[in-house]
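K.L.:
Below you'll find the structure I mean.
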Amino acid sequence: MLRFLTAGESHGPELVAVIEGAPAGFDIDVARINHDLARRQKGYGRGGRMAIEHDEVRVVSGIRFGRTTGSPVTLIVENRDFKNWEKRMSADPRDRGEAKAVTRPRPGHADLAGVLKYNLDDIRDVLERASARETTARVAVGAFAKQLVAPFGVSLVGYVAGIGATEARVPSDLTIDELARVTEVSPVRVADAEAEQAMIAEIDECKKSGDTLGGIVEVLVAGLPPGLGSHVQWDRKLDGRIAHALMSVQAVKGVEFGMGFGAARVRGSQLHDEIGYDSAARRFTRHSNNSGGTEGGMTTGEPLLARVAFKPLSTLMRPLKSADIRSKAEAAGTIERSDVCAIPAAAVIAEAVVAYEVANAFIEKFGGDSLAEITRNYTGYVEQLRNY
Ligand code: EPS
């Protein structure tokens, strides 16, 4: 099984991810990890920070001559902005006086619950770690994970399905590769030119009025065999694990699969995906995919589709009412440099988070310590399905 931890603060020196349990013998192209980090930095509505950063991983362990060795993989991303924050983010107690404490919690952020829980009197001790800057490390992990499943024909794409009040159509005739290509060149990561213009206009309007915008992203995964995850125990259900991982992304308020909440409003006869059998391909088929590719916590073999709702960012340039944590007097929430809308980046983050969970389920099912061993197990299972 894979596991990983991230560490690092938004304005600290570095972000770190340690991935444990990766099998040996997998080709890892660091440029592909950096490519996803660059995708995360893009998007209409981002703030000034992204002009400072140039996110790239430094591999510290676990990869030798472009291949995994089976050892823990450590990936480090430098925060270029740290040079402007050295005194304020210093580990040295002598620098304490250099930093002005943040004392006005932003409604919607981790600020207030964090200082109460950890008994802190400077909100910066909370906001630095709560910041979505941490998703840089998670995107690096996801980009690594994608390369564990790529040899088995698994591909993923995250894209935007809505920003604020504007929904984007997703053309149903596009392959996953085409969808990835089209959304990649859109400043708001959509495949709908009309919606793109409306979204850009809404982001501009919010920027002017000091407001922020949320949205919905979708992650589509193709090439999964049936039977990843398991129905036998609650914590082995793959949709449950993916939902947990997605809910843990900063600002996420909802996750659904396939028809999701809509499934509650239709009859069973209108919802469930009827089953057929393709004798030539020797595989079971579905007439629809309302389940979003999971039944009983297992993949069905159809594309997996997760939808994720992100709330608008909680740092408002025209702040909401708050109360100072020291004086308890009414005060406006703190203004920190932030983004107006981070939904295009959120699509890349959600894609990475799902990639990790899928890779983990894959390694669990076809478990082995090397690419050769996993390939044997995978090929044997595919054969078993064909002969079923
Ligand atoms: C960032 C995410 C946001 C940005 C941050 C970079 O973090 P937060 O969740 O704290 O709003 O605002 O940039 C800054 C903190 C800054 O100083 O500009 C990211 O995704 O990299």
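K.L.:
When you scan region 244-298, how many residues do you find that are touching a residue at least 60 places away in the same chain (Cβ under 8 Å) and in a helix (DSSP H, G or I)?
P.N.:
Of the residues in that region, 2 qualify.
K.L.:
Looking at region 322-343, is at least one residue among the basic types (Lys, Arg), touching a residue at least 12 places away in the same chain (Cβ under 8 Å) and either part of a strand (DSSP E or B) or closer than 30 Å to THR68 by Cβ (or both)?
P.N.:
No, the conditions are met nowhere in region 322-343.
K.L.:
Right, another one. Do we have GLY21 as more than 13 Å from the ligand (Cβ to nearest atom), open to solvent by less than 40 Å² (accessible area, probe 1.4 Å) and out of contact with any Phe, Trp or Tyr (no Cβ under 9 Å at 6 or more places or on another chain) here?
P.N.:
No: the conditions fail for GLY21.
K.L.:
Tell me, yes or no, whether region 349-367 has at least one residue that is charged (D, E, K, R) and in contact with a Pro (Cβ under 7 Å, 6 or more places away or on another chain).
P.N.:
So in region 349-367, the residues charged (D, E, K, R) come out as 351, 357, 364-365.
Filter again for in contact with a Pro (Cβ under 7 Å, 6 or more places away or on another chain), leaving none.
No, that holds for no residue.
K.L.:
Can you name the residue in region 60-74 that is assigned to a strand (DSSP E or B) and within 16 Å of ASP27 (Cβ to Cβ) and, of all such residues, is most open to solvent (accessible area, probe 1.4 Å)?
P.N.:
Within region 60-74, the match that is most open to solvent (accessible area, probe 1.4 Å) is ARG64.
Table: residues versus (1) outside any strand (DSSP E or B); (2) more than 11 Å from the ligand (Cβ to nearest atom).
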| position | (1), (2) |
| --- | --- |
| HIS54 | yes, yes |
| ARG58 | no, yes |
| ILE76 | no, yes |
| ASP81 | yes, no |
| GLU86 | yes, yes |
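K.L.:
Counting just the residues of region 160-180 that are in contact with a helix residue (DSSP H, G or I) (Cβ under 6 Å, 6 or more places away or on another chain) and either assigned to a helix (DSSP H, G or I) or open to solvent by less than 10 Å² (accessible area, probe 1.4 Å) (or both), which one comes out farthest from TYR378 (Cα to Cα)?
P.N.:
So, considering only residues that are in contact with a helix residue (DSSP H, G or I) (Cβ under 6 Å, 6 or more places away or on another chain) and either assigned to a helix (DSSP H, G or I) or open to solvent by less than 10 Å² (accessible area, probe 1.4 Å) (or both), the one farthest from TYR378 (Cα to Cα) is ILE163.
K.L.:
Mind checking which residues of region 148-158 are open to solvent by 10 Å² or more (accessible area, probe 1.4 Å) and either part of a strand (DSSP E or B) or within 19 Å of ARG46 (Cα to Cα) (or both)?
P.N.:
SER155, LEU156
K.L.:
Sticking with this one: It is to be established whether one or more residues within region 163-185 are in contact (Cβ under 8 Å) with a residue 60 or more places away in the chain and touching a Gly at 6+ places or on another chain (Cβ under 6 Å).
P.N.:
Yes, there is a match, as at least one residue in region 163-185 is in contact (Cβ under 8 Å) with a residue 60 or more places away in the chain and touching a Gly at 6+ places or on another chain (Cβ under 6 Å).
K.L.:
All but one of (1) farther than 19 Å from GLN384 by Cβ; (2) in a loop (DSSP other than H, G, I, E, B); (3) of a type outside the set (Ser, Thr, Tyr) hold for ALA309, so report the exception by its number.
P.N.:
(2)
K.L.:
Is it the case that region 311-320 has a residue that's farther than 28 Å from GLN41 by Cα and open to solvent by less than 70 Å² (accessible area, probe 1.4 Å)? Spell out how you get there, then give the answer.
P.N.:
Initially, region 311-320 is screened for residues farther than 28 Å from GLN41 by Cα, giving none.
There is no residue in region 311-320 that is farther than 28 Å from GLN41 by Cα and open to solvent by less than 70 Å² (accessible area, probe 1.4 Å).
K.L.:
Of the residues in region 125-147, how many are of a type in the set (S, T, N, Q) and open to solvent by 40 Å² or more (accessible area, probe 1.4 Å)?
P.N.:
0
K.L.:
Can you tell me which residue among ASP111, ASP95, ASP122 is surrounded by fewer than 14 Cβ atoms within 10 Å (Cβ to Cβ) and under 30 Å from ALA329 (Cβ atoms)?
P.N.:
From the options ASP111, ASP95, ASP122, the qualifying one is ASP95.
K.L.:
Name every residue in region 112-135 that is more than 10 Å from the ligand (Cβ to nearest atom) and not in a loop (DSSP other than H, G, I, E, B), in order of residue number.
P.N.:
Selection gives LEU112, ALA113, GLY114, VAL115, LEU116, LYS117, TYR118, ARG124, ASP125, VAL126.
K.L.:
Inspect region 352-371 for any residue being in a loop (DSSP other than H, G, I, E, B), surrounded by fewer than 22 Cβ atoms within 10 Å (Cβ to Cβ) and in contact with a Ser or Thr (Cβ under 7 Å, 6 or more places away or on another chain) and give the result as yes or no.
P.N.:
Looking for residues that are in a loop (DSSP other than H, G, I, E, B), surrounded by fewer than 22 Cβ atoms within 10 Å (Cβ to Cβ) and in contact with a Ser or Thr (Cβ under 7 Å, 6 or more places away or on another chain), one finds none in region 352-371, hence no.
K.L.:
In region 35-52, which residue that is within 10 Å of the ligand (Cβ to nearest atom) and basic (Lys, Arg) is most open to solvent (accessible area, probe 1.4 Å)?
P.N.:
ARG46
K.L.:
Related question: Kindly provide the set of residues from region 181-215 that are small (Gly, Ala, Ser) and open to solvent by less than 60 Å² (accessible area, probe 1.4 Å), ordered by number.
P.N.:
Residues satisfying the conditions are SER186, ALA191, ALA195, ALA198, ALA201, SER209, GLY210, GLY214, GLY215.
K.L.:
Would you tally the residues in region 325-337 being surrounded by 14 or more Cβ atoms within 10 Å (Cβ to Cβ) and of a type in the set (Asp, Glu)?
P.N.:
Summing the residues that are surrounded by 14 or more Cβ atoms within 10 Å (Cβ to Cβ) and of a type in the set (Asp, Glu) in region 325-337 gives 1.
K.L.:
Is there a residue in region 75-88 that is open to solvent by less than 40 Å² (accessible area, probe 1.4 Å) and over 23 Å from ASN34 (Cβ atoms)? Steps first, please.
P.N.:
Initial filter on region 75-88 (open to solvent by less than 40 Å² (accessible area, probe 1.4 Å)): 75-77, 79, 81, 85.
Retained after the next criterion (residues that are over 23 Å from ASN34 (Cβ atoms)): 85.
Yes: region 75-88 contains one or more residues that are open to solvent by less than 40 Å² (accessible area, probe 1.4 Å) and over 23 Å from ASN34 (Cβ atoms).
K.L.:
Next question. Looking at (1) away from the ligand (no atom under 12 Å from the Cβ); (2) crowded, with 20+ Cβ neighbours inside 10 Å, which is the only condition VAL340 fails?
P.N.:
(1)
The values are calculated or read from the model by the stated rules, or taken from the named source; none is laboratory data. What you see is a predicted model, and the numbers here were worked out from it, not measured in a lab. Here the Cβ is made from the backbone with ideal geometry for all residues, glycine too, and neighbour counts use every protein chain on show. Ligands, DNA and RNA are stripped out before the accessible areas are found, and what is left, the full protein with its side chains, is counted by its heavy atoms. Shrake-Rupley method; radii C 1.70, N 1.55, O 1.52, S 1.80 Å.
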